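Notes follow the structure.
The values are calculated or read from the model by the stated rules, or taken from the named source; none is laboratory data. Keep in mind the model is a prediction, meaning the values are calculated, not measured. Here the Cβ positions follow ideal geometry from the backbone for every residue, glycine too, while neighbour counts run over all protein chains shown.
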Amino acid sequence: MNKKEISETKCTCQSCGNIWYFGKTDEIENLGNNMQNLGKSMMCCSGCSPAALIPNKQVIDFGKCPKCGSRAIKKEKIVHEVK
């Protein structure tokens, strides 16, 4: 029987105690959104004014608590085995 491992990051806010999780998919999607925003900014700098009409993608700061905004967080890798 093949067991598959899923890895994610567990974050705990040291200020408010909030706990949240994110995985590789979230990180990759966030990186893609960041790159798209960068490309849009570069188009605007080169004089492409219609690029200003393209909405910015939301970029999540995984180093900050989504509840209170504190950067005092503890990160740990969690691995789950899935059948």
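Residue count for segment 1-58, restricted to those that are in contact with a helix residue (DSSP H, G or I) (Cβ under 6 Å, 6 or more places away or on another chain) and basic (Lys, Arg): 2.
Consider segment 25-59 and keep the residues that are at pLDDT below 85 and of a type in the set (Val, Ile, Thr). The one that is farthest from Ser7 (Cα to Cα) is Ile54.
Within segment 33-79, the set of residues being closer than 29 Å to Gln14 by Cα and of a type in the set (Gly, Ala, Ser) comprises Gly63, Gly69, Ser70, Ala72. Kindly indicate whether any position in segment 22-43 is surrounded by 10 or more Cβ atoms within 10 Å (Cβ to Cβ) and touching a strand residue (DSSP E or B) at 6+ places or on another chain (Cβ under 6 Å). Yes, segment 22-43 has at least one match.
For segment 1-53, which positions are assigned to a loop (DSSP other than H, G, I, E, B) and in contact with a Cys (Cβ under 7 Å, 6 or more places away or on another chain)?
Ser15, Cys16, Asn18 - these are the residues of segment 1-53 that are assigned to a loop (DSSP other than H, G, I, E, B) and in contact with a Cys (Cβ under 7 Å, 6 or more places away or on another chain).
Condition first: surrounded by fewer than 11 Cβ atoms within 10 Å (Cβ to Cβ) and either of a type outside the set (S, T, N, Q) or within 12 Å of Trp20 (Cβ to Cβ) (or both). Now tell me which residues in segment 44-75 satisfy that. Correct list: Cys45, Gly47, Pro50, Ala52, Leu53, Pro55, Asp61, Gly63, Lys74. Here Ile60 passes the criteria (1) part of a loop (DSSP other than H, G, I, E, B); (2) over 17 Å from the mean Cα position of the chain (by Cα); (3) aliphatic (A, V, I, L, M) except the one numbered (2).
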